[in-house]
Amino acid sequence: MSRLSRRRGLAAGVTLLAALAVGACNGNPAGGTGAGSGEIDPNAVLRVTASSPFQNLDPAQLAPGGYPYLTLIYDRLTMVNSKDEIVPGLATSWTFAKDGSYLEFALRDGVTFHDGTPFDADAVKVNIERGQTLPTSTIKQDLADITGVTVVDAHTVRLNLKPGAGAVLPSALATAAGMMVSPKAIAGGVNLKLAPGNAGSGPYVATEFVPNEKYVVKRAEGTYWDSNAGRLAGMEITRVPEGATRLNGVISGQTDLSFVSSANEVVQARQLGESGQLKVTTRPFRNVLGILLRAGKGDLKDKRVREAIARSVDPAAVEALFNGTCTRTRSIYPNSPWENPSATYPYEFDLDKAKALIAEAGGAKVSISFSSGTNTEQPATAIQAAMSKAGINATLNPTPNSETEARFIAGDFELEVSNTFNPRLDPAGTVNNYLTGNYKLATDPAAIASTAATAADPRLSVEERAKQYHQLWEQLFSEAWFIPICNLTNATIASPKVVGAEQLPWTNLGLFDLRTVAKTKG
């Protein structure tokens, strides 16, 4: 393996979007040293359990929710810190052209992939083009605004943009879409899904991978460019779907770090944190627990049925299931310029109105899909009961957590109780993913295409863009494509020796970026 040159002092990354919407890009990369005391143990191996599936290790072919695991082995062009700010990664700064025709990145120099290939503008071009053209790519939507890649010089690259598009890219490239793989590994046919070896430039390399079971990494040789990352000898990550089992693993000392979001486990974790037995950090989800509806399928084609479903669900009753750990919401961007402060949700709980709508529609039959054994199981059961009271013939369809989202996206399910509606940092990503792209909740994407295109124009101010998004959210709710209910609470639980768990990015999505976690000696 080759050495990575370390560069101190991260430059500021400035974009129209980042400066206005998520703050300046100054300071440390994602994560940080975190709280903790004692000397860091460079020989420690961190044992982690998590519920999210990890089906493969190719950033261009990931299943939903799989990208956090890959941050250990692949660097990204941009990153997100614990405050949801876009910060430098392999790109040290970025700027939109005044006419919006391109997005230019200045790239970090001295970085080498672990197979010895230099990271440069050519590598960016190879990765972007692969993500756009690979038949099985799952990141095409994130890269759809890019019409071409221009290599200006070794450390400057331009992403040429569709007219009036591309505002979402600085945040999108902090996920799998911005992960860089060695061009040599791509050309050589390395099995990136199961055995990527030295294909990345991240702080760790994968040494063992069993899909949806076990994922082991060790620290990469050489000095990594971010001194806050790669401070462990390695990590052993095991998928454990049951929250109680994950919590008990940390309590017993079999696990160093895990995450829970079901009410009982969150309440218990808080008590353990207050007693000093464990390090516990709780954070409200940005994800919205709610109901995804495929409005073009079955009886959901009738808007009266969709409205009846929305009116049959009492958010207070669902909130009560979580013992105060799911905060009621009727929006997706609360306390944000992307949300219209004067807007009101159109379909508040009204069981009599729901009954009348179903009677008018001549009855309705729906199947309620959800991920079994997760924090959506209880609300799905409560929602079924509520729908039944409204006269809807509702049946439950429990599915494995590793399959649910992919099958809804594929069109297999007409309705899903889900905690995966993730309002992206830039709302263009929310529209692309949920309304017009992967989830295709909008029954007629062409009808909202003009508004969505205007909203995503990087030449406009946040205020100008926000007006367009206010219209889109109004349609999202009035058409009952998505019914928001509440924001769950995520608890990060760690042994006293773990350092940096309090500041992990993405925990408000039920995900994580573990690059900067460490352990103390003793």
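The values are calculated or read from the model by the stated rules, or taken from the named source; none is laboratory data. Given the structure is predicted, the values throughout are model-derived calculations rather than measurements. FYI the Cβ positions are ideal-geometry reconstructions off the backbone, even for glycines, and counts take in every protein chain you see. Just so you know, the surface numbers come from the protein's heavy atoms only, side chains and all, with ligands and any DNA or RNA stripped out. Shrake-Rupley method; radii C 1.70, N 1.55, O 1.52, S 1.80 Å.
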Sorted largest first, extent of the chain alpha carbons per principal axis (Å): 69, 57, 40
Cα gyration tensor shape for region 143-262, rounded if a/c is under 1.5, else prolate or oblate: prolate
Per-residue HN-Hα couplings for region 176-183 [Karplus 6.51, -1.76, 1.60; θ = phi - 60°; Hz; x = Gly/Pro]: 4, 4, x, 6, 9, 10, 4, x
Amide H partners (placed H, <5 Å) of ARG47, local residues excluded: GLU236, ASP256, LEU257
Percent carbon-and-sulfur accessible area, the chain, ignoring ligands, DNA and RNA, probe 1.4 Å: 48 percent
Equivalent ellipsoid semi-axes, region 375-504, via Cα gyration tensor eigenvalues times 5, rooted, Å: 28, 25, 14
Å² per residue, accessible surface of the chain at 1.4 Å: 37 Å²
Computed [θ] at 222 nm, helices only, for the chain once each DSSP H run of length n ≥ 4 contributes -39500 (n - 2.57): -7000 deg cm²/dmol
Peptide ranges 430-439, 510-519 listed from the most packed, as the mean C-beta count within 10 angstrom indicates: 510-519, 430-439
Relative contact order (%) - criterion: Cα under 8 Å, at least six apart; region: the chain: 23 percent
Region 327-423: C-alpha gyration tensor shape, a/c 1.5 cut-off, then a/b vs b/c: oblate
Estimated FRET transfer efficiency (SER101, ALA410; beta-carbon r; R0 30 Å; 0.05): 0.25
For region 276-405: relative contact order, % (alpha-carbon pairs under 8 angstrom, 6 or more apart): 26 percent
Extension gain (nm, one decimal) between ASP122 and ALA317, 0.36 nm per residue minus Cα-Cα: 64.8 nm
Ratio of Rg to Rh over region 379-447 (Cα coordinates, Kirkwood Rh, two decimals): 1.02
Binned Cα-Cα distance frequencies in region 237-293 - 10 Å width, integer %: 21, 50, 22, 6, 0
Amide H contacts of THR147 (H built 1.01 Å from N, under 5 Å, at least 5 apart or other chain): ASN160, LEU161, LYS162
C-alpha center-to-center spacing [region 185-201, region 129-164] in angstrom: 20 Å
Karplus-derived HN-Hα couplings along region 434-450 (A = 6.51, B = -1.76, C = 1.60, θ = phi - 60°), whole Hz, x at Gly and Pro: 9, 8, 10, x, 3, 7, 6, 6, 5, 5, 9, x, 5, 5, 10, 4, 5
Relative contact order (percent, whole number), region 418-468, Cα cutoff 8 Å, 6+ residue spacing: 22 percent
Alpha-carbon Debye profile of region 265-398, log10 I(q)/I(0) at 0.11, 0.12, 0.16 Å⁻¹: -0.49, -0.57, -0.91
Cα long-axis angle, helix 377-389 against the chain (0 to 90 degrees, to the nearest 10): 20 degrees
Fully extended contour minus Cα-Cα distance, from SER342 to ASN191, at 0.36 nm per residue: 49.2 nm
The chain: angle of helix 462-478 to the longest principal axis, Cα-based, in degrees nearest 10: 40 degrees
For CYS326, residues with placed amide H under 5 Å, excluding near neighbours: none
Shape category assigned to region 337-391 from the gyration tensor of Cα positions, a/c cut at 1.5: oblate
Relative packing of 392-402, 279-289, 440-450, which averages over residues the other C-beta atoms within 10 Å, highest first: 279-289, 392-402, 440-450
The chain - share of DSSP beta bridges that are antiparallel (%, nearest 5): 80 percent
Estimated distance in nm for a label pair at GLU403 and THR454, the labels positioned 7 Å out from Cα along Cα-to-Cβ: 4.4 nm
